[in-house]
Amino acid sequence: MRAIQIERTGGPDVLRPTTVEVGEPGPGEVRVRHYACGVNFIDTYHRTGLYPLPLPAILGVEGAGVVEAIGPGVTHIAVGNRVAYATPRPGSYAESRVLPAMPVVRIPDDLDFERAAALMLKGLTVQYLLRRTRPQRELEPGDFIVWHAAAGGVGLIACQWARALGFQLIATAGSRDKCDLALRHGAAHAIDYRTEDVVARVREITGNAGVKVVYDSVGKDTWERSLDCLQPLGLMVSFGNASGPVPPVNLGQLAAKGSLHVTRPTLFTHLATREVTDAMTAELFALVTAGTITIDPPRRYALDDAVQAHRDLEARSTTGSLVLVP
């Protein structure tokens with residue numbers, strides 16, 4: 001099969017097309033023929049070595065396609081099923097792959113492969129953040145929350161899901177166009193962090209109260225301002241490193257700013273069992289089927305154009321989701 005592989009870590013140019021053997025699924029495994037492969041920031045962390053992988057490695061943790069073969073013990077899917085997945089084990093930048101069957105789920109008939117591949121990692125990330133990662137003072141309808149990078153694939157889903165839950169999401173993004181996009185997707189307010197003081201605007205919007213929770217996938221560049229947006233006993237949720245890793249945390253700073261809470265969660269800690277995976281996915285698909293969450297058509301790249309996809313993603317020149325099409 002055709003695949004995109006790295007033999008060393010580095011910039012986008014280390015992504016190289018290659019041909020590898022696929023093999024047959026063993027016990028508890030499945031082979032999926034990909035029709036679309038999601039591109040996510042975690043892929044850039046694997047590529048640069050921020051999240052180390054044994055090399056050589058095929059990148060990609062999200063895909064959608066058709067089941068070609070199943071191994072012994074797999075009962076929740078069958079050959080020919082339309083499926084999608086998000087998995088901690090990279091390998092989706094390929095025409096097909098063998099992977100553990102546990103995270104692989106059937107997708108609704110009216111959900112096309114490209115939107116499915118753009119939905120799984122991002123939609124389930126929003127699910128575990130808004131539904132399972134909550135502040136000590138429980139979120140209630142009408143509460144304000146801050147969401148950084150709100151015009152990206154995760155952020156646009158979050159804008160819609162937060163609106164459905166009754167939360168007033170304060171979006172931050174890097175241009176007026178991106179702010180407008182977040183507002184169209186359900187954000188209550190939007191702040192252009194390139195031209196506005198994020199903390200001052202959050203304080204203005206909330207009547208100087210701050211917010212109960214900040215959801216931050218940017219990392220190093222937004223750490224301080226995120227803490228300053230929180231009210232006492234607020235929760236800082238750091239779930240990504242788009243600008244680089246957060247520096248070592250000064251615990252005294254958390255005390256001085258109001259007994260703040262900090263967590264660094266990951267999706268795959270939550271997707272640890274079949275039961276939880278099914279429950280999280282069912283809620284996500286129900287909102288998509290009902291039209292509460294809409295997934296814009298992702299930006300498409302040919303599989304061999306993975307280098308350009310990574311360049312565009314890291315340049316923050318994109319909105320929404322990106323997919324590779326084998």
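Each value in this text was obtained by applying a stated rule to the coordinates, not by laboratory testing. What you see is a predicted model, and the numbers here were worked out from it, not measured in a lab. With ideal geometry, Cβ positions are generated from the backbone for all residues, glycine too; neighbour counts draw on all protein chains shown.
Evaluated with a Cβ-only charge set (Lys, Arg +1; Asp, Glu -1), the range 134-264 carries a dipole of roughly 180 debye about its Cα centre, given to the nearest 20. Note on the chain: antiparallel DSSP beta bridges, both residues inside, total approximately 55 percent of the bridges counted. Distance between the C-alpha centres of the range 49-103 and the range 214-270: 31 Å, rounded to the whole angstrom. Straight-distance candidates among the lysines for linking to LYS212, with alpha-carbon spacing under 18 Å and chain neighbours fewer than 8 residues away dropped: LYS257.
For THR266 and ASP109, FRET efficiency with R0 = 22 Å and r from the beta-carbon atoms, rounded to 0.05? So the FRET efficiency works out to roughly 0.10.
Building the convex hull from the alpha-carbon atoms of the chain and averaging its projection over directions returns 15.6 nm². Rg over Rh for the range 134-264 works out to 0.93, using Cα positions for both radii and the Kirkwood form for Rh. With R₀ fixed at 22 Å, the C-beta to C-beta distance from ARG137 to GLU224 puts the FRET efficiency at about 0.50. Measuring r between the beta carbons of GLU314 and THR18 and using R0 = 30 Å, the FRET efficiency lands at 0.85. Here the range 132-161 is scanned for amide nitrogen atoms under 14 Å from the site 7 Å beyond the Cα of VAL249 along Cα-to-Cβ, giving 134-136. Ordering of 168-180, 255-267 by packing is 168-180, 255-267, highest average first (other Cβ atoms within 10 Å, averaged per residue).
Remind me, what semi-axes does the range 270-326 give for its equivalent ellipsoid, largest first in whole Å, using sqrt of 5 times each Cα gyration tensor eigenvalue?
28, 15, 11
Across the chain, C-alpha contacts under 8 Å between residues 6 or more apart give a mean separation that, scaled by the residue count, equals a relative contact order of 18 percent.
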